[in-house]
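Worksheet: the structure to be examined is printed underneath.
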Amino acid sequence: MIVALCSGQGRTFEAVVRILGQHVSDLICDMPDAPVIQRAQRLLVRARCVDRNSFPDRLSHEKQILKELESCGNFQLIVLLGYMRILSSEFLKQLRTKWPESEIINLHPAPLSLYKGAHGLNYALDTKVPRWGITVHRVTPELDSGPVVSYRTLDVYPDDTFETLRERAHPQEVSAVLEAIDTLTRRRPLQ
């Protein structure tokens, strides 16, 4: 089973669920008004909101996410799809202690060597690069620095806007996520 953590629109989440079906069992979102929650409900994926603004600090927020993960059943993989929070090293340590067989990966809209953090597509436009990349990597305590699991490239045109680049990037994001899931679940197929 797969658990997705998302913060926003959920377009990639929806595309992945439409392909993998019930293998994506749960969604945990940190924003109560995020459209991804309604997408999950329409797709019959259990959705939970752990509103980041309801907690006094990151530690207490992450403790609640760990509690929610306990109710998700026997998951093999956590996929961050537009999850706009940096997970602490303590969270990752607890995750690996409680679920030592599970993996956690992140969809990052940039090559790891060129850009870390949010807004990768904006950076590509601002720097006027002719080619850009979409990365799915293992999550480590260092921001956007874990081992790459899958990677896709796309052209950046001189007349691109954020919207046009995002539209071309979306199929690459879905493809990269699906390849990463396939790679990581080959040794232990999804249940």
Have a look at P109, P141, P158 and tell me which one the Gaussian network model of the chain (Cα, springs below 10 Å) gives the largest fluctuation. P158
Go through region 136-144 residue by residue and turn each phi into a ³J(HN,Hα) via Karplus (6.51, -1.76, 1.60, θ = phi - 60°); whole Hz please, and just put x for glycine and proline. 10, 9, 5, 8, 10, x, 7, 4, 6
Apply the Karplus curve 6.51 cos²θ - 1.76 cosθ + 1.60, θ = phi - 60°, to the phi angles in region 116-129 and return the couplings in whole Hz, x for Gly and Pro. 10, x, 6, 6, x, 5, 4, 4, 4, 5, 5, 8, 6, 6
Cα pair distances exceeding 25 angstrom across the chain, given as percent: 33
Can you tell me how much longer the chain between F55 and K93 gets when fully stretched, taken as 0.36 nm per residue apart minus their C-alpha distance, in nm with one decimal? 11.6 nm
The answer for S150, listing residues at least 5 apart or on another chain whose modeled amide H is closer than 5 Å to its amide H, is V136
List, in order, the whole-Hz ³J(HN,Hα) value for each residue of region 45-53 obtained from phi through the Karplus relation with A = 6.51, B = -1.76, C = 1.60 and θ = phi - 60°; use x for Gly and Pro. 9, 4, 10, 10, 10, 10, 4, 4, 7
Within region 145-162, name every residue whose backbone N is under 14 Å away from a label modeled 7 Å from Cα of Q9 along the Cβ vector. 161-162
Taking the Cβ-Cβ separation of D159 and R42 as r and a Förster radius of 41 Å, what is the calculated FRET efficiency to the nearest 0.05? 0.75
Quick one: angle between helix 89-98 and the longest Cα principal axis of the chain, in degrees between 0 and 90, rounded to 10, please. 50
Can you tell me how much longer the chain between K63 and R166 gets when fully stretched, taken as 0.36 nm per residue apart minus their C-alpha distance, in nm with one decimal? 33.8 nm
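When N counts the residues of region 118-191, how does its alpha-carbon radius of gyration compare numerically with 2.2 N^0.38 Å, as a ratio?
That works out to 1.25 for region 118-191.
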Non-local amide H neighbours of L80 (under 5 Å, H modeled in plane, Pro and chain starts lacking H): which ones? L5, I105, N106, L107
Can you list residues whose amide H is under 5 Å from D26's amide H, if they're 5+ apart or on another chain and H is modeled 1.01 Å from N? I2, A4
Rounded to the nearest 10 degrees, the helix 58-70 long axis (Cα) sits at an angle to the longest Cα principal axis of the chain of 70
For L125, L184, order by how many other beta-carbon atoms lie within 10 Å, fewest first: L125, L184
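Coordinate-derived values only; no laboratory data. Since we're looking at a predicted model, the values are computed, not measured. Please note: Cβ atoms are built from the backbone with ideal geometry, for glycine as well, and neighbour counts cover all protein chains shown.
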